[in-house]
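J.: Here you go, one structure.
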Amino acid sequence: MTYLTDEPIDRDALIRSVMRGSDGACALFEGLVRNHHQGKSVESILYEAYRPMAEKEIARVVAEVCAASPDVAIAIQHRLGLLKVGEASIVIACSSPHRAEAFDACRMVIDRIKETVPIWKKERGPDGEEWVGWQK
Amino acid sequence: MTYLTDEPIDRDALIRSVMRGSDGACALFEGLVRNHHQGKSVESILYEAYRPMAEKEIARVVAEVCAASPDVAIAIQHRLGLLKVGEASIVIACSSPHRAEAFDACRMVIDRIKETVPIWKKERGPDGEEWVGWQK
Amino acid sequence: MVRVRLLYFAVLRDITGSATAEIDLPNGSNAADVWDRLRTQHRELGSYRQPPMVAVNEEYVGPNHILRDGDELAFIPPVAGG
Amino acid sequence: MVRVRLLYFAVLRDITGSATAEIDLPNGSNAADVWDRLRTQHRELGSYRQPPMVAVNEEYVGPNHILRDGDELAFIPPVAGG
C-alpha cells in the first residue's frame, strides 16, 4: 500500500477498505486546507514529502497504533501537491468492533503523523507564500 | 432539519453540509451493524424510534455540544428500519478549525445520543430476534 | 378523571400487542401508577417493579410526574440508538 | 573521505536552490558537521546553530551520527503533514 497520493482522496474507497462485518464503528478524520492560519489569509497549500521516508514513517505509525489496538483496521491517504481551500490533505479511517478504540486510534494516528512524517506545506495567500513552521 | 431517515445515509452530503472554509478538520463517526453482539450472530437490525421525541432529543444533544464547542459545526443522520450487516445506522460529521474540538464534539455527540435518544433496536439472527437492552 | 394517550414502543409494543391506548385515570395519578396497572395486565412486565424512563408530551419526566388530561405518555425501554 | 548524497526539501531546497548534492567529507564527519558547512554557505541558515531533525538512509538519526560512504543524508525542516 502507498499512503501518499497526488490525486484527490477517495474517502468512500478508504472507508470501504477498512470495514469488516465484525465492525460496529468507523471513525474518520479529514484534514482540510483552511482559509486562514495564524491571522493570515490562505488561498492554497503546496504539500511536499520526502516520499520513501514518509511512506515508511506512516507505516511505522500504523504499526504502532495497531499494536496498541489490535482490533482496529486503519487506512490512510495523504495527498501531495497544490490543494485549494476546502480540499482534504489527509483522510484516516479506523474501524473497530467498538467505538472507543476507533476514535482513539484515529486520533493517535493523526497526532503521530503530525509529529514525525517528513511532509511539509507551503501556504500561499495574498501576502505571499511561506513554509509552515520555519521562522525567517 | 430532520435527523431521522428511512433511507441509506449519504455520508458525503453530510460532510459537505458541515464544511466551511475556516475548517481545518472534520471528524466523522459511523455506527455500523455488526455481525455479532454478546456472543450471538447477527444478520440484521430493525431500528425504531419515538420519532418526534427522538428528533427533539438529538437537537438537544447538538445544542449542548455546540454550546460547549462553539466553533464546531455538526450534522447527524440516524437511519431507521431494517439494516443489514455493514450498513450505517448513524453518521455524525463534526467540522472545526482545529481537530481536537472536532474529535471531542463527535465523541460527545455519539455518547449522548446513546444515552438519551428514544431509539431502539431489535437484533435478528439465526437464534431468533431480541430487543437490545431488555432482559427477558 | 383524566384521559391520557399511552404510546408503546419496541419491546413494550410487542408485549402489549398495540402501539397506542387511551386510558382513563383518577385525578392525581402519576406515571408509576400507570406502570403498575400495565404490570398487572401483562405478566412479562411482572418483574419490572420500576418503570423504565418516562416521557410525557415528548419530554423526559420523573416517574412521579402527575398526569393531566390530554397528556401523551410513553414508557421508554432502554434506548439503543447510535 | 566519504561521499554522501544530500537531499534538500521544502524551505531548504528553496534556500539552497537545489534538490540534491553530492558532497565529500573527511572520515568521521557527522550530520552536524554538514549542517555547519551549509550555514557558512547560506546566510539564511546563519541563525540556525542546531540542525533540524536528521535522516540518514530514510531513518531518523541523531545529529552526531557518523556518516559513511554512500549514505543518503536529509535535513528535515519542521514537519507539517496531516
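J.: If a/c stays under 1.5 just call it rounded; otherwise compare a/b with b/c (prolate if a/b is bigger, oblate if not). Do that for the protein assembly as shown, with a ≥ b ≥ c from the square roots of the Cα gyration tensor eigenvalues. Present the calculation step by step, with values, prior to reporting the outcome.
T.: Working: a/c = 3.69, a/b = 2.66, b/c = 1.39.
Prolate is the answer for the protein assembly as shown, as a/c is 1.5 or above and a/b outweighs b/c.
J.: For an R0 of 51 angstrom, estimate the FRET efficiency from the Cβ-Cβ distance between B:A63 and A:R51 and round to the nearest 0.05. Before the final figure, lay out the partial values.
T.: Values: r = 45 Å, r/R0 = 0.89.
Given R0 = 51 Å and the Cβ-Cβ separation, E is 0.65.
J.: Suppose you put the label 7 Å out from Cα in the Cβ direction; list, shortest first and in nm with one decimal, how far B:H36 is from each other copy's label.
T.: 5.0
J.: Look at the axis of the rotation that sends chain D onto chain C, then give the chain D residue with the nearest Cβ and the distance in whole Å.
T.: Residue nearest the D-to-C axis, with distance in whole Å: D:G82, 14.
J.: List the lysines whose Cα lies under 29 Å from the Cα of B:K40, skipping any in the same chain that are fewer than 8 positions away.
T.: B:K84, B:K114, B:K121, B:K122, B:K136
J.: With each label point set 7 Å from Cα along the Cα-Cβ vector, what nm distance links A:E43 and A:E129?
T.: The two pseudo-label positions are separated by 1.1 nm.
J.: Which residue in chain B puts its Cβ closest to the axis that rotates chain B onto chain A, and at what distance in whole Å?
T.: Value returned for chain B: B:L28, 2.
J.: If you don't mind, another one. Using +1 at the C-beta of Lys and Arg and -1 at the C-beta of Asp and Glu, which of A:G21, B:A63, B:I76 has the Cα lying farthest in the positive direction of the dipole of the protein assembly as shown?
T.: In the protein assembly as shown, that residue is B:A63.
J.: Ok, one more. Can you list, shortest first and in nm, the gaps between the label point of C:D36 and those of its counterparts in the other copies, using a point 7 Å from Cα in the C-beta direction?
T.: Values, ascending and in nm: 9.1.
J.: Residue by residue through region A:50-57, which ³J(HN,Hα) values in whole Hz follow from phi under the Karplus form 6.51 cos²θ - 1.76 cosθ + 1.60 (θ = phi - 60°), with glycine and proline marked x?
T.: 7, 3, x, 6, 4, 4, 5, 5
J.: Next question. Please sort by residue number the GluC sites (Glu not before Pro) in region B:1-73 whose DSSP state is loop and whose Cβ has at most 14 other Cβ atoms within 10 Å.
T.: Numbers: sites: B:E30, B:E43, B:E48, B:E55, B:E57, B:E64; in loops: B:E43.
Hits after loop and neighbour filter: B:E43.
J.: What average count of beta carbons from other chains do you get within 10 Å of the Cβ of residues in D:47-59?
T.: On the way: counts 2, 2, 0, 0, 0, 2, 2, 0, 5, 0, 2, 9, 4.
The mean count of partner-chain Cβ atoms within 10 Å per residue comes to 2.
J.: Oh, and also: List the distances, in nm and shortest first, from the label point of D:T20 to the matching label points in every other copy, placing each point 7 Å from Cα along the Cα-to-Cβ direction.
T.: 7.7
J.: Placing unit charges on C-beta atoms (Lys and Arg positive, Asp and Glu negative, everything else neutral), compute the dipole magnitude of chain A about its Cα centre in debye, rounded to 20. Intermediate values should be presented prior to the final figure.
T.: On the way: 18 positive and 21 negative charges, 24 e Å.
Dipole of chain A, to the nearest 20 debye: 120 debye.
J.: Starting from region B:17-99, pick out the trypsin sites (Lys or Arg not before Pro) whose DSSP state is loop and whose Cβ has at most 16 other Cβ atoms within 10 Å. Before the final figure, lay out the partial values.
T.: Working: sites: B:R20, B:R34, B:K40, B:K56, B:R60, B:R79, B:K84, B:R99; in loops: B:R20, B:R34.
Of the trypsin sites (Lys or Arg not before Pro), the ones in loops of region B:17-99 whose Cβ has at most 16 other Cβ atoms within 10 Å are B:R20.
J.: Here's something else I'd like to know. Give the order of A:M53, A:M108 when sorted by the count of other beta carbons within 10 angstrom, beginning with the fewest.
T.: Result, fewest neighbours first: A:M108, A:M53.
Throughout, read-outs are computed from the coordinates displayed, never taken from laboratory work. For clarity, every value in this text was computed on a predicted model and none was experimentally measured. FYI the Cβ positions are ideal-geometry reconstructions off the backbone, even for glycines, and counts take in every protein chain you see.
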